[in-house]
Every structure is written in C-alpha cells, then in structure tokens.
Amino acid sequence: MKKWECTICGYIHEGDEPPDECPICSADKSAFVEVTEEEQPTNEQTVVEEPVSSAVPAQEPTQFQKIYSFASEQIVKHHLHPIAVHTPNGVLPMAFLFLLITLFFGLPLFETAAFYSFIFVLIVMPFVIFTGYEIWKNRYRGAMTSTFKIKIGASIVTVSLLCVLILWRAVQPDILTVATSGRWIFILLSLILVSAVGIAGHLGGKLVFGNRKN
C-alpha cells in the first residue's frame, strides 16, 4: 500500500490516494507527496533555501539578523513554543476556577489571585506568540490552513480578552464581590478566554502528537 506524507506537518497516510484534507493540519490534497521505500518520512520540516546567483555577491547579514537567526534556530531546536504555551494553558483555567470560588463562596483572596494570574499570563504572551510564529514559519512553512488560522485567531482573542478583563478589574475592583449583572459578563468573558486557550492548545497538541498513521 502506498504511503503519503503531508509536507506541512509530516502526517503519514496509507492508501492508494492521499486524503482530501490532512486530519492534523488541514492542508489540502496537493500538500501530500508519495513516500518511497528509499525515502524515510520525517516530521522535522526544513527551510528550503533559494539558490543565490553567483553574479550577485551575498550580502553580509547584520548583527541583528545574526541574533534573530540564532534565536529562531534555538526556538525550533529546543521546542520552546510547546514549553511556553503551558503557561496560559495551565494558569488561565486555574484563574477561572478561582473566579468561580469567589463568585459562589465569597472568598475575595481567590479573585485577587486570579487577577494577578491574568497579569502574569499577559506578560508572557509576547514570548508565547513569538515562539509560535517562529515554529509556524520554519517548521510548518507559514501554511495558512484552517488549523493555523484558528490558532492565530485564538491567540488574538486571548490577548484581547486579557487586556479587557485586567482593565475592567483595575477600574472596578469589586466586580465579583458585589451582586451586579456585570459580574456575570465578567465570568462569561473569562470563560471565552479559557475556551480560546483550550482550542489553541488542542490544535497544537494535534500538530505535535497527532496520530502518524491512519
């Protein structure tokens, strides 16, 4: 039976024809190539370098470009994005639980802990997004499939809601301790925030740990 490898995420499909859509990264049929016996499939994507004409001398990279290139290589080599995303994926559900404890049991210290947890996650989000961008650009070739569009959208929603919730809490510190309709909106936005992080984490898990065979 033939084997087909997705050139975006490395998923291996067995069958006479490649699938219409990759079940891992949602790339279409054209992204699959047949794997021969001599060619071993690999999940590590390499950046294809365009040949440089000998007539045009190569320009010496700037110091910034050297540092950026080195940082990009380390991010991919040491899997820094999967490590970094554990912060929002772990802290935000905990913070949401703290909000519920405050709401139903009237314990304001848990709400304070949730507020500072939101601030902490917002501080680390630039690093999470930057490492994710480097992985997407270098390992997944900047593919704009539905999987990556959803992950990018979830990141935007996460940062936006963090800013809204932090500012709201700073302006109205008793938002959860006073019985108003606004506190339910605050809880709803927090739930959407946790959901966005969960969706991005689920899709990221599929890309990293997705089933390699049909």
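Nothing in this text is a laboratory measurement; each read-out follows from the coordinates by a stated rule. Worth saying up front: this structure is predicted, and the values here are computed from it rather than measured. All Cβ positions, glycine included, derive from the backbone under ideal geometry; neighbour counts span all protein chains shown.
Once both axes come from the Cα atoms, what is the angle between helix 86-105 and the longest principal axis of the chain, in degrees from 0 to 90, rounded to 10? Approximately 20 degrees, to the nearest 10.
Each of the GluC sites (Glu not before Pro) that DSSP puts in a loop and that has at most 13 other Cβ atoms within 10 Å breaks the chain; the longest unbroken stretch is 50-214. Every helix of 4 or more DSSP H residues in the chain counts as -39500 (n - 2.57), and over all residues that averages to -20000 deg cm²/dmol at 222 nm. What does the C-alpha gyration tensor say about the overall shape of segment 63-209? Classify as rounded when a/c is under 1.5, otherwise prolate if a/b is larger than b/c, or oblate. Here segment 63-209 falls in the prolate category. A full extension of the chain between Phe70 and Glu17 corresponds to an added length of 15.1 nm, given 0.36 nm per residue minus the alpha carbon distance. With contacts taken as Cα pairs under 8 Å and at least 6 residues apart, the chain reaches a relative contact order of 26 percent. Pairs with C-alpha atoms separated by more than 25 Å, drawn from the list Lys2/Lys151; Lys2/Lys149; Lys2/Lys137; Lys66/Lys206; Lys66/Lys151; Lys2/Lys29, are Lys2/Lys151; Lys2/Lys149; Lys2/Lys137; Lys66/Lys206; Lys66/Lys151.
Taking 7 Å steps out from each Cα toward its Cβ at Tyr116 and Leu189 produces label points 2.2 nm apart.
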